[in-house]
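First comes the structure, then the notes that go with it.
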Amino acid sequence: MPSARPIWKGQIRLSLVSIPVELYSASRTGARLSFRQIHEPSGEPIHYEKVVPGIGPVDTDDIMKGFEYEKGDYVLLTDDEIDAVKLETRKTLELVQFVGGCEIDPIYFDKSYYVVPQDELAEDAFRVVRDALRQSEKVGLGQIALRGREYLAAIKPSGTGLMLETLHYEDEIRKSDPFFSGIGKQKAEKELLSVATELIERKTAPFDVSRFKDHYRTALRELIDTKLKSRGKKVAKRTEKPASGESKGNVVDLMEALKSSLEKSGKSGAKRKPAAASKTRKKAS
């Protein structure tokens with residue numbers, strides 16, 4: 001069993017079958033660099049006090065949760081009252097529907113969790129559900145209460161276990177129409193489309209997340225290490241290299257830019273007829 005602490009213990013239920021499981025976060029926030037706000041003259045970290053205007057700092061015991069139903073008016077709730085709200089999904093995730101694995105738009109996915117059986121007795125039923133989902137190429141849908149709210153959740157096979165993905169509800173997703181309405185409906189020119197498609201094909205490879213590194217975190221770590229070695233002295237600013245494809249103010253022919261990209265992809269460029277002189281010219285972005 002993993003050394004991490006489960007964030008949820010309960011059961012997955014499929015009809016009359018209940019499987020005791022534990023939920024573990026699949027991501028690690030500790031891998032990120034974090035900063036504290038520091039008072040520069042003293043070098044001490046800054047702390048925040050909970051205050052009430054006209055009263056000042058208050059005790060934690062005097063704080064309640066409030067819902068603002070009108071401007072400046074609140075309904076107050078105690079922790080006991082909130083805990084008394086009984087939701088079956090606090091302890092049970094019932095699989096109520098199944099959909100194709102590719103039917104859920106990625107925009108709805110929120111956070112990933114590993115699902116493991118609580119003990120050996122639960123493993124038989126766990127394997128049956130896991131393998132049935134894999135064989136049918138389906139994803140199970142249900143709802144689960146985590147950390148003070150109820151989530152829509154999708155369950156799918158992951159290696160020898162299951163993966164739970166929390167999903168956004170429909171009203172949490174912004175409609176795309178206001179953002180895309182200003183984009184023209186005309187299609188791309190065929191020759192440009194052909195070259196761009198070939199470029200995509202040449203750069204297509206199996207997904208390997210290990211190929212991608214967090215360059216910003218690495219650069220920050222280098223800056224921190226340099227500051228530590230300099231013992232408080234000012235660190236010279238590094239000259240930033242312009243990003244590839246960054247606009248230098250010149251006008252670039254879109255077809256020529258695509259062809260140059262093909263040549264840099266590591267293979268000889270396709271023998272294509274040059275675009276007509278009347279092709280649209282755009283500024284490189």
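Within the stretch 77-115, the residues that satisfy the criterion of being under 16 Å from residue 146 (Cα atoms) and small (Gly, Ala, Ser) are 84, 112.
A count restricted to the stretch 85-123 and to residues that are under 17 Å from residue 156 (Cα atoms) and among the charged types (D, E, K, R) stands at 6.
Going by the structure shown, is residue 13 touching a strand residue (DSSP E or B) at 6+ places or on another chain (Cβ under 6 Å), among the basic types (Lys, Arg) and farther than 30 Å from residue 157 by Cα?
Working: touching a strand residue (DSSP E or B) at 6+ places or on another chain (Cβ under 6 Å): yes; among the basic types (Lys, Arg): yes; farther than 30 Å from residue 157 by Cα: no.
No: the conditions fail for residue 13.
Report those helices (runs of 4 or more DSSP H) wholly inside the stretch 108-213 carrying at least 2 residues which are under 30 Å from residue 257 (Cβ atoms), out of contact with any helix residue (DSSP H, G or I) (no Cβ under 9 Å at 6 or more places or on another chain) and at pLDDT below 90. Full working, then the answer.
Numbers: elements: 120-136, 177-180, 190-202.
Here the list reads 190-202.
Hey, any hits in the stretch 166-179 for a residue that's among the hydrophobic types (A, V, I, L, M, F, W, C) and touching a residue at least 40 places away in the same chain (Cβ under 8 Å)? Looking for residues that are among the hydrophobic types (A, V, I, L, M, F, W, C) and touching a residue at least 40 places away in the same chain (Cβ under 8 Å), one finds at least one in the stretch 166-179, hence yes.
In this entry, residue 151 passes the filter for residues that are surrounded by 17 or more Cβ atoms within 10 Å (Cβ to Cβ) and not charged (D, E, K, R).
If the requirement is being among the aliphatic types (A, V, I, L, M) and either more than 30 Å from residue 141 (Cβ to Cβ) or in contact with a Gly (Cβ under 8 Å, 6 or more places away or on another chain) (or both), which of these qualifies: 17, 75? Even if it seems obvious, please write down each step before you answer.
Working: 17 fails: either more than 30 Å from residue 141 (Cβ to Cβ) or in contact with a Gly (Cβ under 8 Å, 6 or more places away or on another chain) (or both).
Residue meeting the stated conditions: 75.
Would it be correct to say that residue 156 is of a type outside the set (Ser, Thr, Tyr) and over 29 Å from the mean Cα position of the chain (by Cα)?
Working: of a type outside the set (Ser, Thr, Tyr): yes; over 29 Å from the mean Cα position of the chain (by Cα): no.
The answer is no for residue 156.
Whenever a residue of the stretch 209-233 is over 15 Å from residue 35 (Cα atoms), its partners that are aliphatic (A, V, I, L, M) and surrounded by 10 or more Cβ atoms within 10 Å (Cβ to Cβ), lying with C-beta atoms within less than 6 angstrom and at least six residues away or across chains, give the pairs 226/235. Here is the figure for the stretch 96-107: residues that are in a loop (DSSP other than H, G, I, E, B) and of a type outside the set (A, V, I, L, M) total 4.
The values are calculated or read from the model by the stated rules, or taken from the named source; none is laboratory data. Bear in mind that the values here come from a model prediction, so they are computed numbers and not experimental data. Cβ: placed from backbone, ideal geometry, glycine included. Neighbour counts: every protein chain shown.
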